[in-house]
Amino acid sequence: MRVLHLNTHSSGGSYEYAALLSAALAEQGIESYVLCKSSPPRHGVGRFLDRVIRRASVSLSREPWHGTRRFLPPPACQELEDVDVVHLHTMADWFDVPRWLETLPRTVAVVISVHDMWHVTGGCFLYRGCDRYANHAPPCHPCPILRWPANRFLAQAAHSRKLRAYRNCGARMVANSQWLAEIARRSPIAKACGEVRVIPPGIDTTIFKPQDKSLCRKHLDLPSDAFVIVTGGASLTDENKNVPWLLEQLSRLPDLRGVVVLAFGEGIVAVPDGLNVRFTGGIRERLDLASLLAAADVFVSASLMETYGLTLVEAMACGTPVVAFRVGGIPEAAPDGQGAILCAPQDGAALLGAVSDLRDSPQLRDRLGDIAHETAHTRNGASSFSKTFAQLYRDCIRLEQTPCAERSALEAERS
């Protein structure tokens, strides 16, 4: 079996997900590799038109949004030689996915990991309570995050193109949490693909594991007796990560002496007076991130929405307890009381109370840290993660090889 994973960027959570899955599949003897968008040529008609579309997407939208019509080239024909399964991950801002899927040989199975809302909507990424992608006729019309007159046709057209292409290629969808699966299932696009399966993401437990905290702190030049809080993500300026609000809340801790906040990710945000914040910049090496997480007393997230929360799980695997909001898929990734303390969104008092409780009680930190490590290593191991996907791939290949009449009956039964 040969599996091709496609992901727009060679960094970020969906790339780490795809890369880990591909490596774990290879350990099972399955040929698997990840292909990302390469640096496009600086010149050429396609490059120029794609740049125009990207700029238009930014100027026409109030929040992140990408349509389906793009002019960058899809994977070359030789990349598809002998491929049995194409696994799509985060695909916005690359090539015209619906058009490409229409040309894909029917013998190639298609699996889609729903990392966010893009695959099941007219182009938005975050679920903000808008259900026009699901129960509005026509779907995504008008789109509330697009400006007039684009809001009356762009998202609807993208939704329609995905629906037709995903249905025709027999795509199978997988979500990383029950929460995400439930809101994805409302979409006509997901319904056309049959059931949305839930497979919790895997992590590399050979990297994300408990380490000697004192050695990690020495390596990072941190005081051995400090109370170390870690937070971060791909970008500290991402509004969804809510980092400025979090730092403002942490500055209100009763006694800031001995408190150090490590913030990892691209960009810098304002630091309240009196709060000792160290910015590490973006961290590409997983070993470096694991060392940072293992050095912490607590990982704190103020994200307003997460479809799962893979960084939280990585912190838990290192034996570091988590404090976060009870939103999206976070309660599944970091269950309250099982290595994490969860609060209502934007409840500063509850968040500070949880952090203070962990600061005042090394015993609580140790107990929650032990539970967190056990939970993450048992549930999110790469081996079980990849074996579940391998079986899904086999089922999809078997379905593609089934005669049309029998396949229709099987698909109807599955739906």
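The values are calculated or read from the model by the stated rules, or taken from the named source; none is laboratory data. Computed from a predicted model, the values in this text were never measured in an experiment. Backbone-built Cβ (ideal geometry, glycine too); neighbour counts: all protein chains shown. Surface accessibility is based on the protein's heavy atoms, side chains included, excluding ligands, DNA and RNA. Shrake-Rupley method; radii C 1.70, N 1.55, O 1.52, S 1.80 Å.
Note on segment 221-261: residues that are in a strand (DSSP E or B) and either under 22 Å from the mean Cα position of the chain (by Cα) or at pLDDT below 95 (or both) total 6. Note on segment 174-188: residues that are in contact with a helix residue (DSSP H, G or I) (Cβ under 6 Å, 6 or more places away or on another chain) and assigned to a loop (DSSP other than H, G, I, E, B) amount to 3. Candidates in segment 21-32 are the residues that are in contact (Cβ under 8 Å) with a residue 40 or more places away in the chain and surrounded by 22 or more Cβ atoms within 10 Å (Cβ to Cβ); of these, the one that is nearest to the chain's Cα centre (by Cα) is Leu21. Of everything in segment 197-206, what is of a type in the set (Val, Ile, Thr) and either assigned to a loop (DSSP other than H, G, I, E, B) or surrounded by fewer than 23 Cβ atoms within 10 Å (Cβ to Cβ) (or both)? Give them in sequence order. Across segment 197-206, the qualifying residues are Val198, Ile199, Thr205, Thr206.
Conditions tested, residue by residue: (1) more than 15 Å from Phe227 (Cβ to Cβ); (2) modelled with pLDDT of 95 or more; (3) part of a strand (DSSP E or B); (4) open to solvent by less than 10 Å² (accessible area, probe 1.4 Å).
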| position | (1), (2), (3), (4) |
| --- | --- |
| Ile268 | yes, no, no, no |
| Arg278 | no, yes, yes, no |
| Phe299 | no, yes, yes, yes |
| Val327 | yes, yes, no, no |
| Leu342 | yes, yes, yes, no |
| Gln346 | yes, yes, no, no |
| Gln363 | no, yes, no, no |
| His373 | yes, yes, no, no |
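Each residue in segment 122-156 was checked for being closer than 12 Å to Leu60 by Cα and of a type in the set (A, V, I, L, M), and 5 of them qualify. One residue stands out in segment 92-121 among those that are of a type outside the set (Ser, Thr, Tyr) and farther than 28 Å from Arg51 by Cα: the one that is surrounded by the most Cβ atoms within 10 Å (Cβ to Cβ), namely Ala109. Checked against the criterion of being without any contact (Cβ under 8 Å) to a residue 12 or more places away in the chain and not in a helix (DSSP H, G or I), the candidates Gly129, Gly122, Gly67 yield just one match: Gly129. What's the number of the only condition in (1) open to solvent by less than 50 Å² (accessible area, probe 1.4 Å); (2) in contact with a Lys or Arg (Cβ under 7 Å, 6 or more places away or on another chain) that Cys124 fails to meet? Condition not satisfied by Cys124: (2). Check segment 100-121 and report whether any residue there is at pLDDT 95 or above, farther than 24 Å from Ala19 by Cα and touching a His at 6+ places or on another chain (Cβ under 6 Å). No, because not a single residue in segment 100-121 is at pLDDT 95 or above, farther than 24 Å from Ala19 by Cα and touching a His at 6+ places or on another chain (Cβ under 6 Å). Looking at Lys162, Lys209, Lys191, which is the one that is touching a residue at least 60 places away in the same chain (Cβ under 8 Å), charged (D, E, K, R) and in a loop (DSSP other than H, G, I, E, B)? Being touching a residue at least 60 places away in the same chain (Cβ under 8 Å), charged (D, E, K, R) and in a loop (DSSP other than H, G, I, E, B) holds for just one of Lys162, Lys209, Lys191, which is Lys209. If you go through segment 52-59 one residue at a time, do you hit one that is surrounded by 13 or more Cβ atoms within 10 Å (Cβ to Cβ) and not in a helix (DSSP H, G or I)? Within segment 52-59, none of the residues are surrounded by 13 or more Cβ atoms within 10 Å (Cβ to Cβ) and not in a helix (DSSP H, G or I). Condition check for Ser177 on (1) in contact (Cβ under 8 Å) with a residue 60 or more places away in the chain; (2) closer than 21 Å to Asp84 by Cα; (3) of a type in the set (S, T, N, Q): one failure, at (2).
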